[in-house]
């Protein structure tokens, strides 16, 4: 798959087949990621790659937190309210668009289905594997450190796509960092940044076929000297 084609094809996958992802394939993805760029070549990321019974145990514990509406203990800096422009985009381009497609007029038991989808998200959409990205806590206050972590997350998604896999970058897996530390033996000196679900996409699922919307280029690409 060509690079531009992969960038266009990447999308958040929220329904997976039950087939496990072979460790060899995950190794190929991780090995490709070591070549991601980072300022000063500091490479401030670490991965926890989950599969098998460990993944199932994590999904179980995470689902319990979500179902009981446990308060988030997120340690990644997150504003209580994003600027209005971006909040509106989230509402219009994601939430409303998603609901219109997945729950079209005439859908019965809409609220129950929305609740079921929410709880499925608490199980990481039943994906067979995931990668937890974490870093030293010092990088939480260093903008270019956070930039590096965004770069590596996108690299995971593109490398997975090249192997026929789907991904979804999620904040939910790191809402309760001490749960991850307890399960995976990650030290307190590390900050949990995000989780990325990985698996073979269920291409028949409606949630994986929601039309994607992007703002026009003229709204954000500003040309000078041309």
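Where a number appears in this text, it was derived from the coordinates with a stated rule and is not lab data. These numbers come from a predicted model, not from an experiment. Here the Cβ is made from the backbone with ideal geometry for all residues, glycine too, and neighbour counts use every protein chain on show.
Put a dot 7 Å past each Cα toward the Cβ at residue 43 and residue 8; how far apart are the dots in nm?
Spacing of the two 7 Å Cα→Cβ label points: 3.3 nm.
Name all residues of the stretch 34-78 having a backbone nitrogen under 12 Å from the label point set 7 Å from the Cα of residue 140 along its Cα→Cβ direction, giving them as ranges.
Answer for this model: 73-78.
As a footprinting exposure proxy, order 224, 117 by other Cβ within 10 Å, with the fewest listed first.
Taking fewest neighbouring Cβ atoms as first place, the list is 224, 117.
Which value in nm describes the separation of the simple spin-label points at residue 92 and residue 68, placed 7 Å from the Cα toward the beta carbon?
4.1 nm
Considering only C-alpha atoms, what is the centroid distance from the stretch 166-201 to the stretch 1-72, in Å?
That distance is 9 Å.
If neighbour count is taken as other Cβ atoms inside 10 Å, put 1, 170, 192 in order from fewest to most.
1, 170, 192
Quick one: compute the contact order of the chain, relative version, from alpha carbon pairs under 8 angstrom and 6+ residues apart, as a percent.
Once normalised by length, the contact order is 38 percent.
Just checking my list (i) -0.38, -0.70; (ii) -0.31, -0.73; (iii) -0.54, -0.81 against log10 I(q)/I(0) by the Debye sum over Cα atoms at q = 0.08, 0.12 Å⁻¹ computed from this structure; which label fits?
Evaluating log10 I(q)/I(0) by the Debye sum over Cα atoms at q = 0.08, 0.12 Å⁻¹ on these atoms matches (ii).
For the pair residue 205/residue 101, report the inter-label distance in nm, with labels modelled 7 Å from Cα in the Cβ direction.
Placing both labels 7 Å along Cα→Cβ, they lie 1.4 nm apart.
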